[in-house]
Amino acid sequence: MPATARDRLVAAAFELFEGQGYDGTTVDDIATRAATGRSTFFRHFRGKEDVVLPDHDALLGRIDTRLATASPAGRELALREAAGIVLAHYLTEGPTARARYRLASTVPAIRDREIASVQRYVRLFARHVHGWLDVEPDGPLRAELVASAIVIGHNHVLRQWLRGEVDDAATAEALVDRALGHALALLRGEAAAGPPAIVITGGQQDVEQVVRQVRAALGHP
């Protein structure tokens, strides 16, 4: 049995939601199953949806601390490790995280809260990246693009794991690392299409034809 009252409440809520449905479960049901009272429940949670959501405040605090200690040379590593904090939390939760995902697909209150939490992560990442790029003319834009790409890349893989399409932690971690590689290219200012090509032709050559030939040689459509 989980050691703390909070852990017992979480375990009880998931058992009841899975067994009798979210709408059919009351706070009193959860407190009774966890062998606590209503007052104990409300000391830890504001309502039913809170009992099944991750502790986003704690996760955001850990991410904030990690990014705040990043050196100029270690910013990419800090962003990877910050995203890894979130992934590790869900992987550690295991079946609990997957049960929450199932609930979110059918319970609008939980789904809406999870969607809102995504923006909190984007804003936090963007604030730190903006601080690193504040001297650049397009710094604010790139900061939002980088932050959004990091969160989208992480969540893309996380959803695969939550659905059971990726089973083991090592594979999930490798896939997130790969996804973050694409996101961090934006931080480095790398264009997806690569550097521009300059074409010099003689006066008798058709420019459009030369451009098509060059693009074909470079493997571009």
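The values are calculated or read from the model by the stated rules, or taken from the named source; none is laboratory data. Everything numeric in this text was worked out from a predicted model, so none of it was measured. Glycine gets a Cβ as well: all are built from the backbone with ideal geometry, and neighbour counts include every protein chain shown. We work out accessible area using only protein heavy atoms, side chains counted, and drop any ligands, DNA or RNA first. Shrake-Rupley method; radii C 1.70, N 1.55, O 1.52, S 1.80 Å.
Can you go through ARG33, ARG111, ARG102 and tell me which one is open to solvent by 30 Å² or more (accessible area, probe 1.4 Å), under 27 Å from GLY164 (Cβ atoms) and touching a Ser or Thr at 6+ places or on another chain (Cβ under 8 Å)?
Details: ARG33 fails: touching a Ser or Thr at 6+ places or on another chain (Cβ under 8 Å); ARG102 fails: touching a Ser or Thr at 6+ places or on another chain (Cβ under 8 Å).
Going through ARG33, ARG111, ARG102 in turn, the sole match is ARG111.
Among (1) within 28 Å of the chain's Cα centre (by Cα); (2) over 23 Å from ARG102 (Cβ atoms); (3) not hydrophobic (A, V, I, L, M, F, W, C), there is one condition TYR22 misses while meeting the rest; what is its number?
Of everything listed in (1) within 28 Å of the chain's Cα centre (by Cα); (2) over 23 Å from ARG102 (Cβ atoms); (3) not hydrophobic (A, V, I, L, M, F, W, C), TYR22 misses just condition (2).
Any residue at all in segment 54-65 that is touching a residue at least 24 places away in the same chain (Cβ under 8 Å), open to solvent by 30 Å² or more (accessible area, probe 1.4 Å) and more than 30 Å from GLY181 (Cβ to Cβ)?
So in segment 54-65, the residues touching a residue at least 24 places away in the same chain (Cβ under 8 Å) come out as 54, 56, 59-60, 63-64.
Keeping just the survivors that are open to solvent by 30 Å² or more (accessible area, probe 1.4 Å) gives 64.
Now restrict to residues that are more than 30 Å from GLY181 (Cβ to Cβ): none.
Looking for residues that are touching a residue at least 24 places away in the same chain (Cβ under 8 Å), open to solvent by 30 Å² or more (accessible area, probe 1.4 Å) and more than 30 Å from GLY181 (Cβ to Cβ), one finds none in segment 54-65, hence no.
Inspect segment 186-193 for any residue being at pLDDT 85 or above and open to solvent by less than 70 Å² (accessible area, probe 1.4 Å) and give the result as yes or no.
yes
Quick check on this structure: which one of HIS154, HIS182 is at pLDDT below 95, in contact with a helix residue (DSSP H, G or I) (Cβ under 8 Å, 6 or more places away or on another chain) and under 25 Å from LEU91 (Cβ atoms)? Full working, then the answer.
Numbers: HIS154 fails: at pLDDT below 95.
The match here is HIS182.
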